[in-house]
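Below you'll find the structure, written out as structure tokens, and then a few comments.
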């Protein structure tokens, strides 16, 4: 478990751990949108009477609101007292922490950007799970797949089924989970395209390719699914089996022998529609429909999603959709997965939901009423997904965990049908809610294997129901389900690896990559808590951590009936899954969209590097001038007068020393209407120049420095909410620094590389590193001619060393502005260019 930093003293108003060991406040560590339900949970090992709780501004240490009458929720496990602390009606953006009893919560931001980039962040794990070419390892694996089994005439023949994703830490691949992952990502993109960016190419490597990254991932999955359906009536359900479970190893080092030679190919299971022997076991396959319906839904929707990007491929899979669906019509029933050595499989035993969704997507694609009629018939066979309200279920027994077909029927242009399926959706939610009210965390999910996937499914159903009907009855439970995934749970941990990076998250997920020391499962949603009885009955699970680091057993916080552990070898609660991760893309993208709406902002088209904005919207012919200074202000008169002459508002980022040395210049800039912000207080070097991935400062040192910076700014009349961005000292940072800043409600920005405008500080004695003003100007013009300067953050220093007599701001700033204006560029204030409105967003 990633440990929180040491306590900062209350004089600085930042608290990261409770000040008393037997009382805690659990929060959503990611933060909260201003206009959203916000409920934390207080819990104490002793009987505690909480009458009020306070919300404290983390920058000033002042209580901004006191709340009375917290909702007592009784005993929970080893916690003798629990309370729900509702602060929903507080909507002022900022950074805060809660105090109740003697407990102090971790701090959290309230702003409209807290969910920005989170859906894209999940795709890190999807790329990492790629089979075939793996961009994380920059190597290929399983290139010989595979050899057909259970086909009446083609058994032992080779078939090209390379690609797709590994299911989890093992390297099995299932149509069951992969198709659901593809569909969920397609639905996310269809509903919220503005929430997704483009930072990776089709191969999954860092390089924009003009296609949203989620579409690249969808295409990767659909390519594989297309190979798993090479001809009409020929559907495949699975690659490899549990012979894969031969110890932790990297996928490109997989030498398991399935009878074709070590690492020379794996079995590919044909959808025979009949039970398939798995060692001494036999699965309970009764048909093909559960798989066929998934193929049909993915191909029908995929054809529409990919038409803009890959028209020929879209047409190919679109033509396959009905043929796959008809296989389900001919062979109703479930197509379960198979194993050889162990009893663990995906025991899916419902299938009408898959056919319902397939029929609905075919109806959406063609408009043919017979598909709607068939979807209606299938949907009525299972009005409510059976796990909802149940206490238990077999592994993946009712899958997918949410019936997307019900949602589509609930939104058809037929009031009678719509009313019926809205009722079905509400019934599943109500059954879950009846269990949830028994929990201080308002969490009514059965704690079977992959309970977080169920949480995500119910979260999605709650939101879609609320959006469809406007009914807010279950909005608090929806918020609780969301917050559960980000730390408002008994253990106080996020369930997504490194999200947020500044918080408490699984640091030892069950992963071959982590075991080999090559990286973490960034962006992966872990399984989540399971009933204690399940955990104690599993084979090979233990609390062993990575070498030198014990697993975190959370013994003090474990509720009576369930357990969660952050331990490398607990595959039951701490293994990320590909389908669970993909299923969360819709909800997080919807939250980002909601934040944009609250802020009155359009899509976030800023370009990020390591969490910092290095360029604004590249489609807009705009430039933002930014200036930094540590202790020099010799450019003040020239810069201010030049900007005034051209009617440009600049952005100035100063160290604490600068504010103390030049208060009159700061006042002058403010009077002129410029943004004035932080460049840190002490101009610290955060990382060694030779190793950006290491740190020279602790989190506590960073935060104390930033607090002092903003305190100094406040004395100059600048509130931190007015300048929620900063340029790091030396313009040098990494993802940890950006994350620490984000937790403080501050967004890192940096100059756009390439123009070398920032080299205006160099002096002649630097030899070959020296850049004259003429060189810099010509370089800027060269970049403009070659690729344009759209969205550039152009950095110029506010003052430079006396040894540099060739001052850029004297000789070339005016010329630069005139030239670029003639070329049609607008000089846009940075907050406007980024899309932050300080009066509503931060």
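Which order, highest average first, do 219-226, 51-58 follow once you tally other Cβ atoms within 10 Å for each residue and take the mean per peptide? Mind dumping the intermediate values first?
Numbers: 219-226: 22.9, 51-58: 19.0.
In decreasing order of mean packing, 219-226, 51-58 become 219-226, 51-58.
Hey, rough spin-label estimate for residue 256 and residue 822, points 7 angstrom out along Cα→Cβ, what's it come to in nanometres?
6.7 nm
Quote the FRET efficiency, to the nearest 0.05, computed for residue 366 versus residue 430 with a Förster distance R0 of 25 Å and r equal to the Cβ-Cβ distance.
The computed FRET efficiency comes out at 0.15.
Pull out a ≥ b ≥ c, the square roots of the eigenvalues of the alpha-carbon gyration tensor of the chain, then state rounded if a/c is under 1.5, prolate if not and a/b is larger than b/c, and oblate in the remaining case.
Details: a/c = 1.89, a/b = 1.49, b/c = 1.27.
Note, shape of the chain comes out prolate.
Sorted by packing (mean other beta-carbon atoms within 10 Å per residue), highest first, where do 727-733, 67-73, 43-49 land? Walk me through the numbers on the way to the answer.
Numbers: 727-733: 20.7, 67-73: 14.7, 43-49: 16.3.
Ranking, from highest mean packing down: 727-733, 43-49, 67-73.
Which of the peptides 435-443, 104-112 is most tightly packed, and how do the rest follow, going by the mean number of other Cβ atoms within 10 Å of each residue?
Values: 435-443: 19.0, 104-112: 25.3.
The densest-packed peptide leads the list: 104-112, 435-443.
Quick check on the stretch 10-110: of the DSSP beta bridges with both residues there, what percent are antiparallel, nearest 5%? Write down the numbers at each step before the final one.
Details: 28 of 29 bridges.
Antiparallel bridges make up about 95 percent of those DSSP assigns within the stretch 10-110.
If a/c stays under 1.5 just call it rounded; otherwise compare a/b with b/c (prolate if a/b is bigger, oblate if not). Do that for the stretch 118-590, with a ≥ b ≥ c from the square roots of the Cα gyration tensor eigenvalues. Don't skip to the end; give the middle numbers.
Working: a/c = 1.33, a/b = 1.03, b/c = 1.30.
Note, shape of the stretch 118-590 comes out rounded.
Mind checking the alpha-carbon convex hull of the stretch 10-110 and giving the volume per residue in Å³?
On the way: hull volume 8.9 nm³, N = 101.
In the stretch 10-110, the Cα convex hull volume per residue is 88 Å³.
Given 20 °C and 1.002 mPa s, how large is the Stokes-Einstein diffusion coefficient of the stretch 702-783 in µm²/s, with Rh as the Kirkwood radius over Cα pairs?
Details: Rh = 15.0 Å.
Answer, rounded: 143 µm²/s.
Along its principal axes, what span do the Cα atoms of the stretch 606-834 show, with the longest given first and each in whole Å?
46, 39, 38
Set the Förster distance to 41 Å, then compute FRET efficiency between residue 282 and residue 208 from the Cβ-Cβ distance, nearest 0.05.
Numbers: r = 49 Å, r/R0 = 1.21.
For residue 282 and residue 208, the calculated efficiency is 0.25.
Work the Kirkwood hydrodynamic radius out for the stretch 647-772: mean of 1/r over every pair of different alpha-carbon atoms, inverted, in Å. It would help to have the intermediate numbers written out before the result.
Working: mean 1/r = 0.0639 Å⁻¹.
The Cα-based Kirkwood calculation yields 15.6 Å.
Can you pull the three principal axis extents for the Cα set of the stretch 412-469, in Å, largest first?
For the stretch 412-469, the Cα spread along each principal axis is 37, 21, 17 Å.
If a/c stays under 1.5 just call it rounded; otherwise compare a/b with b/c (prolate if a/b is bigger, oblate if not). Do that for the stretch 66-141, with a ≥ b ≥ c from the square roots of the Cα gyration tensor eigenvalues. Show your work: numbers first, answer last.
On the way: a/c = 4.04, a/b = 2.11, b/c = 1.92.
Prolate is the answer for the stretch 66-141, as a/c is 1.5 or above and a/b outweighs b/c.
For residue 380 and residue 696, compute 0.36 nm times the residue count separating them, minus their Cα-Cα distance, and round to one decimal in nm.
Numbers: separation 316, 0.36 × 316 = 113.76 nm, distance 6.17 nm.
Contour length minus the Cα-Cα distance gives 107.6 nm.
For residue 536 and residue 144, FRET efficiency with R0 = 30 Å and r from the beta-carbon atoms, rounded to 0.05?
So the FRET efficiency works out to roughly 0.15.
With only alpha-carbon atoms in the gyration tensor, what are the semi-axes of the equivalent ellipsoid for the stretch 473-590, in Å, largest first?
23, 18, 13
Here, each number is a calculation from the coordinates, and none is a lab measurement. These figures come from a predicted structure and were not determined experimentally. Positions of Cβ are generated from backbone atoms using ideal geometry, with glycine treated the same way; all protein chains shown enter the neighbour counts.
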